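Before any comments, here is the structure.
The values are calculated or read from the model by the stated rules, or taken from the named source; none is laboratory data. It should be emphasised that the depicted structure is a prediction, and the values quoted were computed from it without experimental measurement. Cβ atoms come from the backbone with ideal geometry, glycine included; neighbour counts cover every protein chain shown. These accessible areas exclude ligands, DNA and RNA; they are computed on the full protein's heavy atoms, side chains included. Shrake-Rupley method; radii C 1.70, N 1.55, O 1.52, S 1.80 Å.
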Amino acid sequence: MIKTTFREHHLFTILFKYENQVLPLDRFLKEYFRFHKAIGSKDRKILCENIYSMVRWKGLLDYLCDEPVSWEARYQKLSQIKPTHFFDNTEIPLHIRLSFPKELFSLIVESLGEEKARFFCQISNSTAPITVRVNLLKTSRENLLKIWESQLAPTCGSFHTAIILPKRVNFFTLPEFKMGYFEVQDEASQRLADLVAVKPGQLVLDFCAGSGGKSLAIAPKMKGKGQLFLHDIRKHVLIEAKKRLKRAGIQNAQILFPFSSQKKALYEKFDWVLVDAPCSGTGTMRRNPDMKWRFTSKMLQKTLEEQRLIFEQAMRFVKPGGHIVYMTCSVLELENEEQTQYFKKTFSLNTIASVFSTLPLDSTDPDGFYGQVFVK
């Protein structure tokens, strides 16, 4: 029997249990650590680094390991190699060198071209920048930079509400978080929310609000005037959104539950409707590397149908002359440009402004997002 250390015991236990359940990796880790209090913060950090690295490079590791492949074998192999050294090894198929499933890699190449796809997949196997959004309702970026200057060494992002930190910290224990001065949010996501050019006094509906990330970014523009509605089919995320709104000091927002009798009365009332659609999440795979191994063409087809259905439902709430904004965290044309053309044709919509699109090709780049503004 091979003797394992405390960390290795938990490493293999986590990976084995994760593989035999359905939760996303980040949520599964959160639950595992909640039930294993003996794992200290330093051990958690190292465990997470190792787990994410192994999941990212699983495709390449499986190719290099002898059969039968196990997490123990992958762990041993990863300790012996540097995955990036295999990028130029043409004896290994390109999608394996980049540790991507062949089906998904082919779609990325179709969308980006092979050169960009290669850079994108390389970067998707690295760690994403740590970025927060300053809550301008409570403080300024200059003030938060000054508070954190000595302890966190922050720098300014290119967007006016973005601050980038050189290393991860436990944000939720910081007094500035408890006071609602900031939220953790990628810079591309902040810029995407800025597509909603709302004016004070207008009505906004965040139709797929989740726990309210985009709504929190939009609210300061409204200056407490008008109303911001958060809707989602998942009640538990709306309950979390309510807590975040309160912490952020947003008072002109309300939750719209999926089966609310109020919904029909709100048809054709909104100046702005935001559809942050469920998608493949390909633009955020640095943060969610497990998503690529769960990907199937069947799942993508179901998602495409879901996006069209959600957009159609959200259209009911847009008033004549109002705007609807379609957003994804995907880099696939099928979910972005092709859906835009479908929406324009099906609902006789016009697009305004240029397409918003980001693509991480460098370690400092924000995540991959897409957005298009339509006018009814």
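Points worth noting:
- When Rg and Dmax are taken over the Cα atoms of region 105-229, they come to 17.1, 48 Å.
- Gyration tensor over alpha-carbon atoms, region 188-238, equivalent ellipsoid semi-axes in Å: 18, 13, 8
- Accessible surface of residue 181 - all protein chains present, 1.4 Å probe, nearest 10 Å²: 50 Å²
- When the convex hull of its Cα atoms is projected in every direction, mean area for region 28-91 (nm²): 5.4 nm²
- For the residues 18, 52, 75, a GNM of the chain with alpha-carbon springs under 10 Å puts the largest fluctuation on 18.
- Under the Karplus curve 6.51 cos²θ - 1.76 cosθ + 1.60, θ = phi - 60°, whole-Hz ³J(HN,Hα) for region 280-292, x wherever Gly or Pro sits: 5, x, 4, x, 10, 6, 5, 8, 10, x, 5, 4, 5
- Mean ellipticity per residue at 222 nm, deg cm²/dmol - from DSSP H runs of n ≥ 4 across the chain, formula -39500 (n - 2.57): -13000 deg cm²/dmol
- Semi-axis lengths (Å, descending) of the ellipsoid that matches the C-alpha gyration tensor of region 260-376: 27, 16, 13
- For region 16-135, the share of alpha carbon pairs falling in successive 10 Å distance bins from zero is 11, 35, 35, 16, 3, 0 percent.
- Helix 114-124 axis versus longest C-alpha principal axis of the chain: approximately 80°, rounded to the nearest ten.
- Reciprocal of mean inverse Cα separation for region 178-289 (Kirkwood radius, Å): 14.6 Å
- Helix 235-248 axis, angle to the chain major axis (alpha carbon atoms, nearest 10°): 70 degrees
- Antiparallel DSSP beta bridges within the chain, percent to nearest 5: 55 percent
- Projected-area mean, region 1-61, by convex hull of Cα positions, square nanometres: 4.7 nm²
- Computed over protein heavy atoms with a 1.4 Å probe, the carbon and sulfur contribution to the accessible area of region 237-376 reaches 52%.
- Pair-distance profile P(r), taking every C-alpha pair of the chain, with 10 angstrom steps and integer %: 5, 21, 30, 26, 14, 4, 0, 0
- Averaging 1/r across all pairs of distinct Cα atoms in region 75-158 and inverting the result yields a Kirkwood radius of 16.3 Å.
- Relative contact order (%) - criterion: Cα under 8 Å, at least six apart; region: the chain: 15 percent
- Long-range tail of P(r) for region 118-161 (Cα pairs > 15 Å, %): 54 percent
- Qualifying trypsin sites (Lys or Arg not before Pro) in region 93-172, where qualification requires a DSSP coil assignment and no more than 16 other C-beta atoms within 10 Å, comprise 167, 168.
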